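What follows is a short report on a single structure.
The values are calculated or read from the model by the stated rules, or taken from the named source; none is laboratory data. Computed from a predicted model, the values in this text were never measured in an experiment. When we count neighbours, we look across all protein chains shown, and the Cβ atoms used for this are built from the backbone with ideal geometry, even at glycine. In case anyone asks, the SASA skips ligands and DNA or RNA and just uses the protein heavy atoms, side chains included. Shrake-Rupley method; radii C 1.70, N 1.55, O 1.52, S 1.80 Å.
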Amino acid sequence: MIQFFRFEKDSAVEAVYSVISGRESVKFFVKRAVKLVLFIYSTLFLAVALPFVETPFEPVYFIGGFATVIFAVRYINHIVGYRRFKGGSLKIKSDGVTLKGVDSEVAVPAGDIRYIEHNILGNVVIRCEKTSFSFPSVLLNPDEREILLASFVDMAPGRTRIYRKVWEFIDAVVVALVLAVHIIQYVVQAYFIPTGSMEDTLIVGDHLFVEKLTYGPIIPQMAGMDGPIHLDFLGVRDVQRGDIVIFRPPHEQDKDYIKRCIGVPGDKLSIRGGHVYINGEKLNEPYIKGLTFDDPETSRIQGVVPEGKLVVLGDNRENSMDGRYFGYLDIAKIKGRAFVLYWNTDQVFNLDFSRLGLIR
């Protein structure tokens, strides 16, 4: 935020503001280096993890890249300012301002000061008729920085208040957005059922929560990565037969599907007579609707399930686009496990709450 001030010698309070040093300076630069890394990471992450948009969402690259460049320029400016003013200070007296740097000391008489600028780089710039002097006010302790700025007369206090409120609003929105997307990606996400492929376990209009903790987090494929990374060692357990999972199928990378896991790595799966057999035994499936049809000669899932793969089928076996059509599912494509059914508009408005609760 850019602010402009007047220097009024009659109201100037004599004080010395010293640049941070030692552990404080180390903490300052480490903290901002971490923030710079987080700026870069958040830009790459949001572009591929934002819900309800086609990813990668290119506007995020532009906005995040622009913000990152500004922050990087500020960080470089802080380093340059620290090298110039390490151990230095800014002194205010009624007759002017004195800037003390590493190799020099400049006294600026009050009569020569046209105005004082606090710019976006975090510097206080003293503007004179033919020259200007810059001091890195960001390298002061936060309390001292506020006192320093308060010792000058704001030339546009109304604008400053508006800018500050706008900045606080933008900052709050961005932080909330980043946190929300991380929660959606790694903890829990709400979903809506638009088709009948999982009837009668899940029906059209169901709203449910999908939790992301059981199988471990999946880092989405960001720029520079060959693919998503499944951190299964952070999970509670592996995917099991019977789990209802959310995933991106191989043939539609921009659309989420929900199906039931039927086969896990190492299972020998076969479909015959309208039923599923695992390792030679008929699978007990009280949840299915209809018969399970598949052509053994052209099947993409019958046989031994490979490592890192799953077989997923819809509960409505006669009306489901599932593994019989797109083949084995890469475990890394799973986004979470269906956990709680919390709403179905038609049923709730009819005072029917019988289906709400844990999904099995």
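Using a Förster distance of 51 angstrom, determine the FRET efficiency expected from the C-beta separation of S18 and N350, and round it to 0.05. Write down the numbers at each step before the final one.
Numbers: r = 71 Å, r/R0 = 1.39.
FRET efficiency, S18 to N350: 0.10.
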Could you calculate the FRET efficiency of W167 with S299 from 1/(1 + (r/R0)^6), where r is the beta carbon distance between them and R0 is 45 Å, rounded to 0.05?
0.15
When you have a sec, figure out the Kirkwood radius of the chain from all distinct Cα pair distances and drop it here in Å to one decimal?
25.3 Å
As I understand it, the value is the acute angle between the Cα axis of helix 22-49 and the longest principal axis of the Cα atoms of the chain; what does it come to in degrees, rounded to 10?
40 degrees
Residue-averaged 222 nm ellipticity for the chain, from DSSP H runs of 4+ at -39500 (n - 2.57), nearest 500
-9500 deg cm²/dmol
Contour excess over end-to-end distance, with Cα ends at E129 and D95 and 0.36 nm allotted per residue:
10.5 nm
By how many degrees, 0 to 90 and rounded to 10, does the Cα axis of helix 58-85 deviate from the longest principal axis of the chain?
30 degrees
Share of the chain's accessible area from carbon and sulfur, percent, 1.4 Å?
59 percent
Inter-part distance where segment 65-99 and segment 4-53 are each reduced to a Cα centre, Å
11 Å
Give the average over all directions of the projected area of the C-alpha convex hull of segment 95-232, one decimal, in nm².
16.4 nm²
Using Cα positions and a limit of under 19 Å, work out the lysines in reach of K27, with same-chain residues fewer than 8 apart set aside.
K35, K86
Between the alpha-carbon centers of segment 125-150 and segment 172-226, tell me the distance in whole angstrom.
47 Å
State the answer as a single residue: which of I76, P59, T43 lies farthest towards the positive end of the charge dipole of segment 1-96, with beta carbon charges of +1 for Lys and Arg and -1 for Asp and Glu, about the Cα centre.
I76
Can you tell me how segment 255-360 classifies by the Cα gyration tensor, rounded, prolate or oblate, using a/c under 1.5 as the rounded cut?
prolate
Under the Kirkwood approximation for Rh and a Cα-based Rg, what ratio Rg/Rh is obtained for segment 1-136?
1.12
State, as an integer percentage, the relative contact order of the chain based on alpha-carbon contacts under 8 Å between residues 6 or more apart.
15 percent
Under a plain spin-label model, where a point goes 7 Å from the Cα along Cα-to-Cβ, how far apart in nm are V37 and V174?
1.9 nm
Distance in nm between pseudo-label sites at V30 and D143 (7 Å out along the Cβ direction from Cα)
2.3 nm
